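**Q** I'd like to ask some things about the structure below.
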Amino acid sequence: MLFSGIPFLYYFLPVVLLLYFIAPKCLKNTVLLIASLFFYAWGEPKIVLIMIASILAGYVSGLLIEAFRRKRTAKIVMIISVVLQLGCLVYFKYMDFFIGNFNKVFGTEIPLLKIALPVGISFYTFQILSYTVDIYRGEKVQKNPINLATYIAMFPQLIAGPIVRYKDIASELPVQGGLWWGKTRKDDNPGKEKSSIGRRFTTEDVASGIRRFVFGLAKKVLLANQLGELCDIFRMSQEKSVLFYWMYAVAFALHIYFDFSGYSDMAIGLGRIFGFHFVENFNYPFISGSVTEFWRRWHISLGSWFRDYVYIPLGGNRVPKWRWFMNIFIVWMLTGFWHGAAWNFIIWGLFFAVLLVFEKLCFLKVLEKHKILGHFYVILAVLISFVIFNASDMGGAFSDIGGMFGFAKVPFVTTETLYYLRSYAVILTLALIGSAPFIKNTVVKLASKPGFGKYLVVAEPLILLVLMLIMTAYLVDGSFNPFLYFRF
Amino acid sequence: MEQRRNRITVITMAIFLLTVSLLCWFKGSDKYSEAERRYLKDLPELSWNTVMNGKFMSEFESYTQDQFPGRDALRGLKSGMALYVFAGMDNNDLYYRDGYIGKIEYPYKPEAIAHATKVFTSVADKYLKDTDCKVYYSIIPDKGYFLAEENGYLAMDYALLEEEFCAGMDGMTYIDLFDVMELDDFYQTDTHWRQEKLPEVAGVIANAMGKELNAEYECIALDEPFYGVYHGQLALPVAGETLYYLNNEELVGCYVYDYTNAQEIAIYDMDKANGADPYEIYLSGPLSLITIENPSADTDAELIVFRDSFGSSIVPLLVEEYEKITLVDIRYIYSGVLGNYIEFEDQDVLFLYSTLVLNNSETLK
């Protein structure tokens, strides 16, 4: 089921919200879990069993690690659990890639398995891995299987993230209270640790969740989908031009940003409505002055996952220089591979590894001195990287990059290019403005002005309502439009 | 103040979500959309099989879109947003300019033209080769020819289409209509041309086939406004038009036979005037094989027209010069079986197709 679909917005979500908020405390997680399994089964009824099996394996591993804590057996259980989870991921996602490449190299004809990729498997596998490793590292085990299953299968972040780590959310899994019509409860103890408070519901959280969800949906429906249309038009065009190649590169980079960050916003917003506080996943990456900074702002939850569970265990930067750079290459190759079982994803990851190593060697200092150069370089690098990312294969990637730099034997501009430039000028401009924190900063500035709050009381619900109406109009008129990150 | 804002936001959105949700859950299904001229998706069958193979879920998505309360108004809102707020040149390939709704017909598809000429020449080779038939062909430019390029919209290369089509119709006589027609020959909200504007075009075709048209007609208007096919697709509040038809005693006296349904019909089927597409009053709309016999003709000449829907409104204007006209629509009947219905001897034969069909000729059989 898609967040940006009528079945989710007007059939599934209202029923789940109603049941969730009328359910007693002890049943809230059960409601959320059942809803999440239904949500997942809606798209893949049979494959939900794979997810349930993975969750069970994770649950049992956690209990065993806890039972054998500080013994060698705990490490063995952790390793077995990691191998099992990764094995499942490799089988479903990468097996055909390996078989295909093996056939190419050795001239064999081993048939491909052609297994359907379970939606969101990369995300929930990483969450289970984080749980198992966190328990091994000393985090308290989750003995309640419903709570653990709720954490892993929770529908807001189940299929496209953010990758919520167990230790970040463990304290919010128990429920402490019903909806409170205020900012904080009177009986809140300010000195108390958050972990001892548990999950509670305030209008502040619910309202901010609604805001976040609606703006995320707007990013997806009003910007990402339109930009995606432009990319499709480019792909089908018989009259490409150099300018069209660049328009495509810009449109795709913005498309994937608004698609994915829009989804993350919706996930974070829904999480907040249900009383959870998920990690942020994007922080205006296109304003970065270096690729290093870009990756601190883009898909933050994935970057920090690889940092904490791969890069640091490999030794991070506290090893000889050659090992450090090798660690970077390993992490970025895996990051690329995580996105898809194809060479262009691996090259995409390694492309960033090269830039990151180059920056660490010397370039970062230059970029710090020349900010404009830094921005120009990041934008260029990111545009090229996403052209590689979106190519069907490396041949296609080279062809598209060649087209951008005038090697495709196409004119600089055609009538068709100008038509679509004119047709999408407003969308592209809005997307460019929206990819920088200009609007956010302006709103924050205005909101802090005395007296402005009373206008917001009326304006905010009105804006949200109008946005919902417009987006509903787009959804009713449109067809199936899946999120890009579902395939990862 | 912030708490108040939060409460109002939560309450407003909860009411909105609950209201729309209730409307969605409990609104009955509509069968047909007049605006879009299509049947709407009904609630898919719910069974173990349809759930397990995902059919129920995928069809449910389309069902919820089709049956959404206020669908037409929302489609209009989307259209307005796309064209006027986001300043897109078109919405779902439709644009609104100078009072006309047009559709982007782009790009020119040489393979479609090649297919069309292949079908037509194979008809000619099979049925007309050793006959005394005189064969003509003509291209009806669509509205985009007059509207698109000069207003900055994408348009197919009509000159190339004409050149390549003519090159493929070897041995047949071409009747050029590109210079005879103009934008106001078309309905503002529909693909088709207006019959009341066609006597000049019909005259050009007749002259090219050695005939002269002199008939006079009474121009009759339908009572109800006509909303063309683009009207519902674009969903903007564009005013309806008046649909006219040209009639006279000679046309009233014609015997028209529909082979598809094996029944006699009229030149103008007034039952269609209040139907989903009033343009179908002309020869009852899309029918594969029709004959018009004119008992008051002063000639025994016959005409066979291979045509699309544009032919329905112009062919009645050629009736005065023929004793019998046969209309064939090879989108609905396989051209290979025409010998069972038509005896090709010494008739005039006209291939009359719009650029819309020629550039999307996969439907020609």
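The values are calculated or read from the model by the stated rules, or taken from the named source; none is laboratory data. Since we're looking at a predicted model, the values are computed, not measured. Every residue, glycine among them, receives a Cβ derived from its backbone with ideal geometry; neighbour counts consider all protein chains shown.
**Q** For A:Gly402, are the conditions met, namely being closer than 26 Å to A:Ala160 by Cα and either within 13 Å of another protein chain (Cβ to nearest Cβ) or more than 28 Å from the chain's Cα centre (by Cα) (or both)?
**A** Spelling it out, it is not the case that A:Gly402 is closer than 26 Å to A:Ala160 by Cα and either within 13 Å of another protein chain (Cβ to nearest Cβ) or more than 28 Å from the chain's Cα centre (by Cα) (or both).
**Q** Out of A:Ser36, A:Ser81, report the one residue that is within 27 Å of the chain's Cα centre (by Cα) and in contact (Cβ under 8 Å) with a residue 60 or more places away in the chain.
**A** When all the criteria are applied, what remains is A:Ser36.
**Q** Given the criteria more than 12 Å from chain A (Cβ to nearest Cβ) and either over 33 Å from the mean Cα position of the chain (by Cα) or at pLDDT 90 or above (or both), does B:Leu18 qualify?
**A** no
**Q** Could you please find all residues in the range B:4-33 being in contact with a Lys or Arg (Cβ under 9 Å, 6 or more places away or on another chain) and within 22 Å of A:Ile22 (Cα to Cα)?
**A** Of everything in the range B:4-33, those that are in contact with a Lys or Arg (Cβ under 9 Å, 6 or more places away or on another chain) and within 22 Å of A:Ile22 (Cα to Cα) turn out to be B:Asn6, B:Thr9.
**Q** Looking at B:Ala159, B:Ala116 in this structure, which one is crowded, with 18+ Cβ neighbours inside 10 Å, away from every other protein chain (no Cβ under 14 Å) and of a type in the set (Gly, Ala, Ser)?
**A** Only one candidate qualifies: B:Ala116.
**Q** Among the candidates B:Ala167, B:Ala206, which residue alone is in contact (Cβ under 8 Å) with a residue 60 or more places away in the chain and either touching a Pro at 6+ places or on another chain (Cβ under 9 Å) or of a type in the set (A, V, I, L, M, F, W, C) (or both)?
**A** Matching residue, one of B:Ala167, B:Ala206: B:Ala206.
**Q** Can you tell me which condition A:Gly275 does not meet? The list is (1) among the small types (Gly, Ala, Ser); (2) within 13 Å of another protein chain (Cβ to nearest Cβ); (3) part of a loop (DSSP other than H, G, I, E, B), and all the others hold.
**A** If we test A:Gly275 against (1) among the small types (Gly, Ala, Ser); (2) within 13 Å of another protein chain (Cβ to nearest Cβ); (3) part of a loop (DSSP other than H, G, I, E, B), just (2) comes out false.
**Q** Restrict the check to the range B:130-140 and report whether at least one residue is under 23 Å from B:Leu198 (Cβ atoms), part of a helix (DSSP H, G or I) and under 23 Å from the mean Cα position of the chain (by Cα).
**A** Taking every residue of the range B:130-140 in turn, none turns out to be under 23 Å from B:Leu198 (Cβ atoms), part of a helix (DSSP H, G or I) and under 23 Å from the mean Cα position of the chain (by Cα).
**Q** Name the single residue that is nearest to B:Val85 (Cα to Cα) among those in the range A:202-249 being surrounded by fewer than 19 Cβ atoms within 10 Å (Cβ to Cβ) and among the hydroxyl-bearing types (Ser, Thr, Tyr).
**A** A:Ser237
**Q** Moving on. Which of the numbered conditions does A:Leu383 fail, given that it passes all the others? Conditions: (1) over 21 Å from A:Ile287 (Cα atoms); (2) assigned to a helix (DSSP H, G or I); (3) among the hydrophobic types (A, V, I, L, M, F, W, C).
**A** All conditions are met except number (1).
**Q** Report yes if some residue within the range A:375-389 is within 20 Å of A:Leu432 (Cβ to Cβ) and of a type in the set (Ser, Thr, Tyr); otherwise report no.
**A** yes
**Q** Let me ask another. Looking only at the range A:284-302, count how many residues are at negative phi and either in a loop (DSSP other than H, G, I, E, B) or of a type in the set (A, V, I, L, M, F, W, C) (or both).
**A** 11
**Q** Tell me which residues, restricted to the range A:409-448, are outside any helix (DSSP H, G or I), over 22 Å from A:Ile379 (Cα atoms) and within 12 Å of chain B (Cβ to nearest Cβ).
**A** A:Thr414, A:Ser448, listed by residue number.
**Q** Shifting gears a bit: When you go through A:Ile55, A:Ile50 one by one, which is the residue that is under 18 Å from A:Val119 (Cβ atoms), among the β-branched types (Val, Ile, Thr) and out of contact with any Leu (no Cβ under 9 Å at 6 or more places or on another chain)?
**A** A:Ile50 is the lone residue from the list that is under 18 Å from A:Val119 (Cβ atoms), among the β-branched types (Val, Ile, Thr) and out of contact with any Leu (no Cβ under 9 Å at 6 or more places or on another chain).
**Q** Can you pull out the residues in the range B:269-296 that are without any contact (Cβ under 8 Å) to a residue 40 or more places away in the chain and buried (at least 21 other Cβ atoms within 10 Å of the Cβ)?
**A** B:Ser284, B:Ile290, B:Ile292
**Q** Are any residues in the range A:465-482 part of a helix (DSSP H, G or I) and closer than 30 Å to A:Ser288 by Cβ, and if so, which ones?
**A** A:Leu467, A:Met471
**Q** What's the number of the only condition in (1) out of contact with any Pro (no Cβ under 7 Å at 6 or more places or on another chain); (2) among the polar types (S, T, N, Q); (3) touching a residue at least 12 places away in the same chain (Cβ under 8 Å) that A:Asn317 fails to meet?
**A** Answer for A:Asn317: the failing condition is (3).
**Q** Further, regarding this structure: So the check is Cβ under 6 Å with 6+ separation or different chains; which pairs have a first residue in the range B:7-26 that's in contact (Cβ under 8 Å) with a residue 12 or more places away in the chain and a second one that's of a type in the set (Phe, Trp, Tyr)?
**A** From the range B:7-26, the pairs are B:Val20/A:Tyr10; B:Cys24/A:Tyr10.
For (1) closer than 21 Å to A:Arg199 by Cα; (2) more than 14 Å from chain B (Cβ to nearest Cβ); (3) touching a residue at least 40 places away in the same chain (Cβ under 8 Å); (4) part of a helix (DSSP H, G or I), each residue gets a yes or a no:
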| position | (1), (2), (3), (4) |
| --- | --- |
| A:Pro7 | no, no, no, yes |
| A:Tyr11 | no, no, no, yes |
| A:Tyr20 | yes, no, yes, yes |
| A:Leu27 | yes, yes, no, yes |
| A:Leu32 | yes, yes, yes, yes |
| A:Tyr40 | no, no, yes, yes |
| A:Leu49 | no, no, no, yes |
| A:Glu66 | no, yes, yes, yes |
| A:Arg70 | no, yes, no, no |
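**Q** Test of understanding: among B:Gly144, B:Gly152, B:Gly80, which residue is buried (at least 20 other Cβ atoms within 10 Å of the Cβ) and under 25 Å from A:Ile233 (Cα atoms)?
**A** Of B:Gly144, B:Gly152, B:Gly80, the one residue that is buried (at least 20 other Cβ atoms within 10 Å of the Cβ) and under 25 Å from A:Ile233 (Cα atoms) is B:Gly144.
**Q** Same structure, new question: Give the range B:21-50 a look and list any residue that's in a helix (DSSP H, G or I) and either surrounded by fewer than 16 Cβ atoms within 10 Å (Cβ to Cβ) or more than 10 Å from every other protein chain (Cβ to nearest Cβ) (or both), or say none.
**A** If the condition is that a residue be in a helix (DSSP H, G or I) and either surrounded by fewer than 16 Cβ atoms within 10 Å (Cβ to Cβ) or more than 10 Å from every other protein chain (Cβ to nearest Cβ) (or both), then B:Leu22, B:Leu23, B:Trp25, B:Phe26, B:Trp48, B:Asn49, B:Thr50 are the ones that fit.
**Q** In the set A:Trp324, A:Trp305, which member is on the phi < 0 side of the Ramachandran plot and either in contact with a Gly (Cβ under 9 Å, 6 or more places away or on another chain) or surrounded by fewer than 16 Cβ atoms within 10 Å (Cβ to Cβ) (or both)?
**A** On inspection, the qualifying residue turns out to be A:Trp324.
**Q** Is it the case that some residue within the range A:78-92 is crowded, with 19+ Cβ neighbours inside 10 Å, in the same structural domain as A:Leu13 (by TED's automatic domain parsing) and farther than 25 Å from A:Gly43 by Cα?
**A** yes
**Q** If you take the residues in the range B:64-113 that are among the aromatic types (Phe, Trp, Tyr) and at the interface with chain A (Cβ under 9 Å from one of its Cβ atoms), which one is farthest from the chain's Cα centre (by Cα)?
**A** Among those residues, the one meeting the criterion is B:Phe86.
**Q** Could you tell me how many of the residues in the range A:131-160 are surrounded by fewer than 23 Cβ atoms within 10 Å (Cβ to Cβ), out of contact with any Leu (no Cβ under 9 Å at 6 or more places or on another chain) and part of a helix (DSSP H, G or I)?
**A** So the answer is 4.
**Q** Somewhere in the range A:98-106, is a residue closer than 25 Å to A:His299 by Cβ and basic (Lys, Arg)?
**A** Scanning the range A:98-106, I find no residue that is closer than 25 Å to A:His299 by Cβ and basic (Lys, Arg), so the answer is no.
**Q** Still on this structure: Quick one: would you say B:Ser58 is part of a helix (DSSP H, G or I), within 23 Å of A:Phe38 (Cα to Cα), modelled with pLDDT under 90 and within 11 Å of chain A (Cβ to nearest Cβ)?
**A** Yes, satisfied.
**Q** In the range B:251-268, what count of residues is obtained for those that are crowded, with 18+ Cβ neighbours inside 10 Å and over 24 Å from B:Arg331 (Cα atoms)?
**A** Final tally of qualifying residues: 2.
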